[in-house]
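The structure appears right after this line, and notes come after that.
The values are calculated or read from the model by the stated rules, or taken from the named source; none is laboratory data. Note that the coordinates shown come from a computational prediction; the quantities given were computed from them, not determined experimentally. Reconstructed Cβ throughout: ideal geometry from the backbone, glycine too, with neighbour counts over all protein chains shown. The area values use the complete protein model at the heavy-atom level, side chains included, leaving out ligands, DNA and RNA. Shrake-Rupley method; radii C 1.70, N 1.55, O 1.52, S 1.80 Å.
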Amino acid sequence: MENNAASVHGHEVMKMMAASGKTWTRDSLVVAIHQKFGTGARFHTCSSDNMTADELIDFLDARGKFIDRGEGFTTDEGHICNH
């Protein structure tokens, strides 16, 4: 999917992360987001919209959605709100 004009909810990125079982770095997560959703995709959450992949990562990190694993970070389904 390249240059997707539709906005993707941040929950979809977190679900992708949790399902992978991987530990992510910022760079590896940006690459995976671009591969899955397209380099032009924009992202929204319950309280913010029109974010780039980098902005979404900053947003999620600031809200404690990532679990620090030393060499990187993960997330889990428990960090995804259900509304």
Next item on the list: Give the number of residues within region 35-66 that are over 15 Å from Met16 (Cα atoms) and either free of Cβ contacts under 8 Å to residues at least 12 places away in the same chain or not in a loop (DSSP other than H, G, I, E, B) (or both).
Entry: 13
Notebook entry, point to check: Of the residues that sit in region 7-66 and are open to solvent by less than 20 Å² (accessible area, probe 1.4 Å), touching a helix residue (DSSP H, G or I) at 6+ places or on another chain (Cβ under 9 Å) and more than 20 Å from Glu77 (Cα to Cα), which one is modelled with the highest pLDDT?
Noted result: Met51
Check: Filter region 72-83 for residues that are in a loop (DSSP other than H, G, I, E, B) and either hydrophobic (A, V, I, L, M, F, W, C) or modelled with pLDDT of 90 or more (or both); which is surrounded by the fewest Cβ atoms within 10 Å (Cβ to Cβ)?
Finding: Cys81
